[in-house]
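Chemist: The structure under discussion is supplied below as structure tokens; questions concerning it will follow.
The values are calculated or read from the model by the stated rules, or taken from the named source; none is laboratory data. Not measured: the values here are computed from a predicted model. Cβ atoms come from the backbone with ideal geometry, glycine included; neighbour counts cover every protein chain shown. Accessible surface areas use protein heavy atoms only, side chains included; no ligands, DNA or RNA. Shrake-Rupley method; radii C 1.70, N 1.55, O 1.52, S 1.80 Å.
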Amino acid sequence: MNIKIIKKDRAFILKVSEEFFQQGNIIKKLNYFNEFGVKGWEIWLQVEYFLFLRNHPKVKNVDREIRCSLDGRKSKIKRSAVLDFMIHEKNKTSAIPLEIKQDISPTACLRHMISDVKKFENIKYTGIDTGRSLWCLGVHLGELKEKQSEKCIYEITSNPILGTDYFYTLI
């Protein structure tokens, strides 16, 4: 994978995510979820992120919930997986694959994110318009502990969602 493309994709996803998490309505909902102990809002997050991307000036198109075949030589258990997003930037020929995870626990969230990245390594590229690396965006309560980041082989960027107790992390 081209290092220059990886750096540009990382910067793009981080910038778009920062803009997304600065929205007042998102901050308000996250604070409600925390205040009332609401769990399991990953699909809500995916839908909100999808709508945000659909209206973003740097995004040409977004596909959601793309069913992909898994390589049977690498994955003996499952035959297919669903990819959360394919983000088509304006003036780019290939799309950026993105998975989104949500968990109260930073440790569990990171574990699920790493699992998704590994799952993507088993996807057959037939019919998928990308040569780009999969990115995984996670939202969790509190920040990652330093030792969690040190154990991970992937580059991790974790930022606070201002006005909340949540963080978003990208690997």
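Chemist: Is it true that Pro97 is modelled with pLDDT of 75 or more and open to solvent by less than 40 Å² (accessible area, probe 1.4 Å)?
Modeler: Spelling it out, Pro97 is indeed modelled with pLDDT of 75 or more and open to solvent by less than 40 Å² (accessible area, probe 1.4 Å).
Chemist: Additional query: Report yes if Lys4 is free of Cβ contacts under 8 Å to residues at least 40 places away in the same chain and under 21 Å from Ser133 (Cβ atoms), otherwise no. Give the derivation first.
Modeler: On the way: free of Cβ contacts under 8 Å to residues at least 40 places away in the same chain: yes; under 21 Å from Ser133 (Cβ atoms): yes.
Here the answer is yes, as Lys4 does meet what is asked.
Chemist: Against the condition in contact with a Gly (Cβ under 9 Å, 6 or more places away or on another chain) and either of a type in the set (Ser, Thr, Tyr) or at pLDDT 90 or above (or both), how does Ser115 come out, does it pass? Lay out the reasoning, then the answer.
Modeler: Working: in contact with a Gly (Cβ under 9 Å, 6 or more places away or on another chain): no; either of a type in the set (Ser, Thr, Tyr) or at pLDDT 90 or above (or both): yes.
It is false that Ser115 is in contact with a Gly (Cβ under 9 Å, 6 or more places away or on another chain) and either of a type in the set (Ser, Thr, Tyr) or at pLDDT 90 or above (or both).
Chemist: Continuing with the same structure: What number of residues within region 36-57 satisfy the criterion of being touching a residue at least 60 places away in the same chain (Cβ under 8 Å) and aliphatic (A, V, I, L, M)?
Modeler: 1
Chemist: Let me ask something additional. Would you call Val82 under 24 Å from Glu121 (Cβ atoms), open to solvent by less than 60 Å² (accessible area, probe 1.4 Å), part of a strand (DSSP E or B) and modelled with pLDDT of 95 or more?
Modeler: no
Chemist: Among the listed residues Ile27, Ile13, Ile6, which satisfies the condition of being open to solvent by less than 60 Å² (accessible area, probe 1.4 Å) and at pLDDT below 95?
Modeler: Result of the check over Ile27, Ile13, Ile6: Ile6.
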